[in-house]
Amino acid sequence: MRNLRVLEVGSSVAAAYCGRLFASTGAEVVCLEPPEGAALRRSQPRVPGHDDVSASWAYLAAGKRSAVLPTDDAELDALLTWADLVIDAIDGDPGAAATWQARIAAVNPAAVHVAISGFGLTGPYAGYRSTALTDWAAGGHMSLTGEPDREPLQGGGAWDSYLTGATAAVGAQAALFHAARTGEGQLVDVGAIEAAAALHQWSITMYTHTGVVKKRWGNRFAESVHPIALYLCKDGWISIVAPALHQWEASCIVMDMVDLLADDRLRANAERFDRADEIDARINAWLEHRTCDEAVAALQAAGVPASRLMTMSQVLDEPQLELRQFLTTPDDLGAGARMPGAPFRVGDRRIEPTPAPALGEHSDEVRADARRPAPRVLPALDLHDVTVLEMGVAWAGPFVGRMLGDLGVDVIKVEHPTSRGIGTQPERPPGWHWGELPDPQVRYPVYPEAIPGERWWNRGGLFNKMNRSKRSLCLDGKAGDGPEILRSLIAKADLVLHNYSPRGARSLGIDVDSVRRSNPDAVTISMTGYGTDGPLAANLSYGPVLQAHGGFDEATGYEGGGPTRIGVAYPDAVGGLHGSFAALAALWERELVDEAVHVDISQLETLLSIAGDMLLVTSLTGVDPARHGNRSPQFSPQGAYPAQGEDRWLAVTVQSDDEWTRLVDLVGDERLVARRSLDHAGRAADADAIDEALAAWTIERSGLEAAAGLQGIGVAAFPVMTNGDLVDDPHIAERGFIATWDQPDVGPARFPGFPIHFSRTQISLGPCPALGADNAAVLAELLGYDDEHVARLLVDGVIADRPPG
C-alpha cells in the first residue's frame, strides 16, 4: 500500500508477516530492532551456507529496512511521528503494549498501533506466552489434524502464526482507512486464538447448532463430506475432492463405481462419509493400477478436482509458478535460492523484494527520513461508502465478502437460486439427541437442532456463518433479463469479487475484461485455484487439492509416518484472508491512481506465501522438510501431552535452558531431575524419555490446570482446544468472540464473531440475509426498478426468494 510508513517494533512470525504483506504492496516498512537484533534473526532453521542467517528472517524481512532502536527519546518520538502504522509483537506482556500505545498516542495521535499476541491484550489468558505449537492448539486446528487414536498434530510449519499476521494486517488496513480520513489513530488488538478460531469452515457452528464436538479423521475430511481424502496410487499419493453431487457422479463413472449411482442415499455427501470404508475400497481398487498422473488426468478431465501430493522440491519446479513469475531469486543467498515473491500483485505493479537487511543497515537514512519526511497523499475513503458485488461460492470468496461486510462495506451477495440447495429437504428422523451427529441426510448444512424446517434454505448454519453482514440479491445471471441486470449492477459497483474458475467467470460475464466494459473504474478481484493464466489455469480445485499441490500434506505428519492433511480446508482460509487484504489494498491503490485496479489471486500462491522459509531452505538443499510430528528442530521438549479426560491434550514448548530447569522443578519427576542439566541438544537426543515423564505429570491434570501451572513459570503451554472448547471458554467469552444474532427463519443463534478488536472502529456484524431478501431494495437503489418491475422479474424466474423445486 503505497505512501504508507510502517514500523515493526516487535519480532515474531506473525508480526513479520503482517509487515511483509504491507511491504509487498508498496508500503515502506522499517524493522526497528534492539541492539542485539530482532529475535526472528535467531530462529531456526538457518539458511544453508549462511549459518548466521535465519531462513524466517531472510524471507519475512525481504523488502524492508532495518534501524536500531534509538536510545534517545527525541529520536524515537520522531520515528513514531513519522509512522502511519506500528506493528508490535507481544509475548505474554500486555503491559508492554499499553506502554507503546501511550507513547504512540502522545506523539502521533493519527498512528495505528497493531498489537499481535497469542491470546490478545485482555481476558484470563492475556499474560500467557505462545509459540507456533500453542497457536495451532489454541485455535482449534490441531484437534482436527491427525489420526483419531493418536495425539493431535500441528501443521508442518508455523502456518497458523502466519495467518495471525495476515489477520492483523486486515485489521491494520481498516484502521488506516479510518485514520487517513479522520486523523484518528487507534489500537488494534489481535490474538492468535481468535484469528485461528475464525478460520474454521463449520466446526464452531456445528457445536453451537447441534452440540457436536468434532473429531480427527486422519486423511478423511470431517463428518460431513466424502470423498475428500488422500489416496495411494502406484507411485505416490493423490488428493481427490468431490463434495458436490455432480462431482460424485463423475467420480463413480470415471472410477468404475457406476453401480453406486443407483443408491439414492449416497446422493447426500454425509452418507458417503458414513460409508467411506465401502467407497474407499472401490476407489483404492481403481487407483492401485494407475500412476498419480494418470489418475489425476482422468479425474480432472471428468470435472473432479484432484492433484498429486507434491513435495516442496517439486513445488519449486512447478511450471505454473514459473510462468506466473511467482518465485523470486534472492541474489544474496547463493545460487539456486528461491522463495515466494508477493502473494499477489495489485494492478500491474510488480514489486521485487530487496534482500533482508543487515542489523541497523539503514539506521542513518531512517533517522534522516524521520527528521525530514517526504510529502505524500493518503486516501480519504470511507469503507461505508464502498459497494461490493460478491459472486462467491464455497468458502474463500464468501470469506472475503464477510470480512468486508463486517468492516462496514455494503456487500451485495449475488447468488444463484440454487446457491443454498434445490428440491425438498427431508425431515430430521426421530431419535436424535443434542451432541450426536445428525442423520447423514440432514447433516451437512448444519441446521439448528438438526431440524431443516419449512424454509430449510435459510437455516443452514454453514451458509449463514459464511455469509453474514451482507445483502442478498438472488439472481439467475443467465436467464431472461439476468445478464443485463448483472451488467447494470457491475456498472454501479466499486469492487467486483468472485472465486469462480476462469471459464465460469467468462461464462457469467464477471471476468476482468467483461467487468471493464461495464465499469472502467471498478476494482476487480479474481480468486482462482491456480490463477487466470498458465498451464493449470483450467484445473479444478478446492482447498484440499491446493494443500496437496502446495506440499503442505507432504510436510505434515507423525515422525516416521506418511503425509497428513490438515483437518480444515486450510487453503480456503489462507486465500480468504489474503483476498480480504488484497481487496482493501486495491481500494487504496484505486484512490491513489484514480483508475481501475485488478488483482489476480492464485490461491496456490497465497498458500505458498506462508511457507516461504521452508521453500527457501528446500531450494538450497534439495531436501524436503521432514515430518516431525509435534516436535521442533529449535526447542525441546515440545509436544502434545495427554491431559485428564478422553482425548484431551496439552501443547507445551520449552524455549530455553532456564525454562527447562523451571519445568523440572515444577514437575519434580525423578526422571526429569536426572536430566536437569541437559542443554537443548541433550534434551532433543533424550526426547522420548523426557516426553514419557512429562506425560505422567500432565495426564493427572486438566489441560487448563496444567497450562496455568506452566505459564506461571514462564513456559508456553495451552490445551489443544476442540470446537466445543472454543465456544465455552471463559477467555473467548470475555473477549466477545462468540456472537448471537437473530438469524432469519432461525431466531437467536450463536456464531463465531470477528477476530479483530479496535479501540475506535466499529464493526458491523449482522445476520446472513434470507435468500433474495434484498432483491427489491438492491434493484431499486442501484437500478431504479419499481415494485412492479421487481414483481415481474420474480414471476419470470430472473430473481427468486426460494430455491427451485
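The values are calculated or read from the model by the stated rules, or taken from the named source; none is laboratory data. Bear in mind the structure is a predicted one, so any value in this text is a computation, not a measurement. Cβ atoms come from the backbone with ideal geometry, glycine included; neighbour counts cover every protein chain shown. Ligands, DNA and RNA are excluded from the accessible area calculation, which covers all protein heavy atoms including side chains. Shrake-Rupley method; radii C 1.70, N 1.55, O 1.52, S 1.80 Å.
Surface listing: 635, 581 arranged by accessible area from highest to lowest gives 635, 581, probe 1.4 Å.
For a Förster distance of 25 Å, can you work out the FRET efficiency between the beta-carbons of residue 71 and residue 44, rounded to the nearest 0.05? Mind dumping the intermediate values first?
Numbers: r = 30 Å, r/R0 = 1.20.
For residue 71 and residue 44, the calculated efficiency is 0.25.
What is the distance in Å between the Cα centres of the range 386-419 and the range 594-669? Value for the Cα centre distance between the two parts: 32 Å. Counting only C-alpha contacts under 8 Å and six or more residues apart, can you give the relative contact order of the chain as a whole percent? Relative contact order comes out at 19 percent.
Average the reciprocal distances over every distinct pair of alpha-carbons in the chain, invert the result, and give the Kirkwood radius in Å. Intermediate values should be presented prior to the final figure.
On the way: mean 1/r = 0.0370 Å⁻¹.
Result for the chain, one decimal place: 27.0 Å.
Computed on the range 295-412, with alpha-carbon pairs under 8 angstrom and 6+ residues apart, the relative contact order is 13 percent.
Shape class for the range 218-322, computed from the alpha carbon gyration tensor (a ≥ b ≥ c): prolate, with a/c not under 1.5 and a/b above b/c. For the range 191-221, the residues whose amide N sits under 15 Å from a probe point set 7 Å from the Cα of residue 647 along the beta carbon direction are 203-204, 206-207, 211-221. If R0 equals 41 Å, the separation of the Cβ atoms of residue 317 and residue 687 corresponds to a calculated FRET efficiency of about 0.75. In this simple spin-label model, placing a label point 7 Å from the Cα along the Cα-to-Cβ direction at both residue 36 and residue 331 gives a separation of 3.5 nm. All Cα-Cα distances of the range 434-528, cut into 10 Å bins from zero to the largest, leave 14, 33, 26, 19, 7, 0 percent in each bin in turn.
Taking GluC sites (Glu not before Pro) across the range 575-642, the ones in a DSSP loop with at most 11 further Cβ atoms lying within 10 angstrom of their Cβ are 595.
How many angstrom lie between the C-alpha centres of the range 712-770 and the range 267-297? Distance between centres, Cα-based: 37 Å.
So if each residue of separation counts as 0.36 nm, and I subtract the Cα-Cα distance between residue 149 and residue 702, what length gain in nm does that give? Intermediate results must be reported in sequence, preceding the final value.
Details: separation 553, 0.36 × 553 = 199.08 nm, distance 1.94 nm.
So the chain would gain 197.1 nm between residue 149 and residue 702.
Considering Cα pairs under 8 angstrom that are at least six residues apart, work out the relative contact order of the range 155-309 and quote it in whole percent.
Numbers: 176 pairs, mean separation 32.6, N = 155.
The value is 21 percent.
When you have a sec, figure out the Kirkwood radius of the range 688-805 from all distinct Cα pair distances and drop it here in Å to one decimal?
On the way: mean 1/r = 0.0511 Å⁻¹.
Every distinct Cα pair counted, the radius reaches 19.6 Å.
When Lys and Arg each count +1 and Asp and Glu each count -1, what net charge do the other residues less than 14 Å away from residue 572, Cβ to Cβ, add up to? Kindly include the intermediate steps, with their values, before the conclusion.
On the way: positive: 402, 465, 565; negative: none.
Here the count lands on +3.
Working out 0.36 nm times the residue gap between residue 351 and residue 594, then minus their Cα-Cα distance, what length gain in nm do you get to one decimal?
85.5 nm
For the pair residue 371 and residue 256 in one chain, pulling the backbone fully straight at 0.36 nm per residue adds 34.2 nm over the alpha carbon distance.
In the range 20-55, what trypsin sites (Lys or Arg not before Pro) fall in a loop by DSSP, with at most 10 other Cβ atoms inside 10 Å?
Passing both the DSSP loop test and the Cβ count: no residue.
In a DSSP loop and with at most 13 other Cβ atoms within 10 Å, the GluC sites (Glu not before Pro) in the range 469-564 are 559. For 620, 666, 607, the ranking by accessible surface with the largest value first comes to 666, 620, 607, using a 1.4 Å probe. Using the alpha-carbon positions of the range 595-737, Rg (one decimal) and Dmax (whole number) come out as 19.3, 70 Å.
Here residue 308 sits with roughly 50 square angstrom of accessible surface, probe radius 1.4 Å.
When only alpha carbons of the range 183-240 are considered, Rg and Dmax amount to 18.1, 62 Å. Membrane-span-like helices of the chain, defined as complete DSSP H segments with a Cα extent of 27 Å or more along the helix axis and a mean Kyte hydropathy of at least 0.0, are identified as 159-182, 570-593. Using a basic spin-label model with each label point 7 Å from the Cα along Cα→Cβ, how many nm lie between residue 666 and residue 517? So the label points at residue 666 and residue 517 sit 6.5 nm apart. Given in Å, the Rg to one decimal and the Dmax to the nearest whole number for the Cα atoms of the range 50-198 are 17.4, 59.
If I take R0 = 51 Å and measure r between the Cβ atoms of residue 621 and residue 506 in this structure, what FRET efficiency does the formula 1/(1 + (r/R0)^6) give, to the nearest 0.05? Provide the component values of the computation, followed by the final result.
Working: r = 42 Å, r/R0 = 0.82.
Result of the calculation: an efficiency of 0.75.
Local charge for residue 645 was computed over the other residues whose Cβ lies under 12 Å away, with Lys and Arg +1 and Asp and Glu -1, and equals -3.
Globularity index of the range 458-579 is 1.30 (Cα radius of gyration / 2.2 N^0.38 Å, N = number of residues). One Cα centroid belongs to the range 485-564, the other to the range 300-344; the line between them spans 17 Å. In this view, the solvent-accessible surface of residue 422, computed with a 1.4 Å probe and all protein chains in place, comes to about 110 Å². Only Cα sites of the range 344-436 enter the Debye sum here, all with the same form factor; the resulting log10 I(q)/I(0) across q = 0.10, 0.19 1/Å is -0.65, -1.10, listed in q order. Taking every DSSP helix (H) stretch of at least 4 residues in the chain, weighting each as -39,500 (n - 2.57) and dividing the sum by the residue count yields a mean residue ellipticity at 222 nm of -11000 deg cm²/dmol.
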